[in-house]
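Have a look at the structure below before the remarks.
The values are calculated or read from the model by the stated rules, or taken from the named source; none is laboratory data. Bear in mind the structure is a predicted one, so any value in this text is a computation, not a measurement. Note: ideal-geometry Cβ built from the backbone for every residue, glycine included; neighbour counts use all protein chains shown. Keep in mind that these areas ignore ligands, DNA and RNA; they rest on the heavy atoms of the full protein, side chains included. Shrake-Rupley method; radii C 1.70, N 1.55, O 1.52, S 1.80 Å.
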Amino acid sequence: MYRRSFLLGVLATGLAACEAPQASVGPDGLPLPQVYRIGAQDADNIQFRMLDSLNALRQASGAGAVQLNSQLNAAAATHSRDMSVQNRPWHFGSDGSSPLDRLRRVGYSGSLTGETISETYETELETLAAWMREPNTRAVLLEADATEMGFAWFQESNGKIWWTLVLADGTTRGVVAQANPVPLQ
């Protein structure tokens, strides 16, 4: 009798020690988010994946391809880090700088056509898809005058990523766009 009770006790303890599998879907039925960790070896791949994906979307819309520009990449990287410092996704730097100011600071001589930003835990391609769903950011990405792109990010230790994509017209060298240009008379 004791032997049977002992075996049942061991069996019950063993079953209690089994952990139920973690739910992979949230209460809304959607998959739970996974933290997308970016390693140093991923940097070039991420930029070129974004470039190729954006150019495919631009081609499908009838817009011309853009190419990566190191000055625009630098402006995007600076802004991504600054958004993290400010802990808010917006187009102005902690010093009040605008996207135009950031382009001037890196010595870019073309004209800004637009900037898209994001605060997320998602991959660059998920972020691009989210930008394409919104009319305002979609218009920036598909702007026909854009010829060059800068793309960068800053990832916090908790996995949050601050993405910045800058598009510009590099064919207008020497003419930096102004926020409120004054017409020539």
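Here are the numbers for the structure shown:
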item	result
Added length on full extension, which subtracts the Cα-Cα distance from 0.36 nm per residue, Ser70 to Asn158	28.9 nm
Accessible area of Thr123 in the full protein assembly, 1.4 Å probe (Å², nearest 10)	40 Å²
Net length gained if the chain between Gln86 and Arg138 were fully extended (0.36 nm per residue, minus Cα distance)	16.2 nm
Those chymotrypsin sites (Phe, Trp or Tyr not before Pro) in the range 88-146 that DSSP places in a loop and that have at most 12 other beta carbons within 10 Å	Trp90
Potential extension, Thr172-Val25 segment - 0.36 nm per residue separation minus Cα distance	48.0 nm
